[in-house]
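Q: Next up is a structure, given as structure tokens.
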Amino acid sequence: MILFTVGMILSVSARLKCIASLPVDPLELSGAAIFLYGWGILIMEKFREGLREQPAQNEKNG
């Protein structure tokens, strides 16, 4: 799934360069998109981890 997403980001960034004639290099654009995608995954995983740990902490305190 992650490789598919990275491939799509690379493909879309190259096409955006052709369509919109952006002054940004497609590899820079795709690198930034992959970086943000990675941060999004990290944030969601930590959020889910916190939700799983919350009931255990409530049982200890309550």
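Read the figures in this text as sums done on the coordinates, not as results from a lab. Remember, predicted model here, so these are calculated numbers, not experimental data. Cβ sites come from the backbone with ideal geometry, for glycine too, and all protein chains shown count toward neighbours.
Q: So what is the 222 nm mean residue ellipticity for the chain from helices alone, if each DSSP H run of at least 4 adds -39500 (n - 2.57) and you divide by all residues, rounding to the nearest 500 deg cm²/dmol?
A: Working: 2 runs with 55 residues, N = 62.
Result for the chain, helices only: -32000 deg cm²/dmol.
Q: Then there's this: Going by how many other beta carbons lie within 10 Å of each one, how would you line up Met44, Met1, fewest first? Before the final figure, lay out each step's value.
A: Details: Met44 10, Met1 5.
Lowest to highest Cβ neighbour count: Met1, Met44.
Q: Here's a follow-up. Can you report the principal axis dimensions of the stretch 2-61 using only the alpha carbons, biggest first, rounded to whole angstrom?
A: Principal axes ranked by extent give 58, 21, 14 Å for the Cα atoms.
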